[in-house]
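Heads up, the thing below is written out as structure tokens.
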């Protein structure tokens, strides 16, 4: 789990700094690729991940509004089963609510690992398609 977080952080850091030179030349009113007049740098992966603070706020909001949860017990480190008393079916429903909130599909193998708000926050904050 920790290794996956480290790898994700490193890849985000590296990908946000990759720059690919693109040389363009204007010909007859149109811009065409060519060696020549000026260069544009395209950055990849920069700004594709949600802010972790925003993710935390939204995850906590989803959990607080789940019908079986006492919102006073919700915090960034709460375990769904141990601390909130949710069963496995409730946990699946909460994960589905995360999918809807963030517009992502969480594979079953990954969803089974999301047992706390912290794990949900880490997964969603490292998901490039989360909205």
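The values are calculated or read from the model by the stated rules, or taken from the named source; none is laboratory data. Note that the coordinates shown come from a computational prediction; the quantities given were computed from them, not determined experimentally. Here the Cβ is made from the backbone with ideal geometry for all residues, glycine too, and neighbour counts use every protein chain on show.
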Can you tell me which residues in region 86-111 are touching a helix residue (DSSP H, G or I) at 6+ places or on another chain (Cβ under 9 Å), free of Cβ contacts under 8 Å to residues at least 24 places away in the same chain and either more than 22 Å from residue 49 (Cα to Cα) or not in a helix (DSSP H, G or I) (or both)? 86, 92, 105, 106
If a residue must be more than 19 Å from residue 130 (Cα to Cα) and at pLDDT 50 or above, how many such residues does region 36-81 contain? 17
Which condition from (1) in contact with a helix residue (DSSP H, G or I) (Cβ under 9 Å, 6 or more places away or on another chain); (2) crowded, with 16+ Cβ neighbours inside 10 Å is the one that residue 64 breaks? (2)
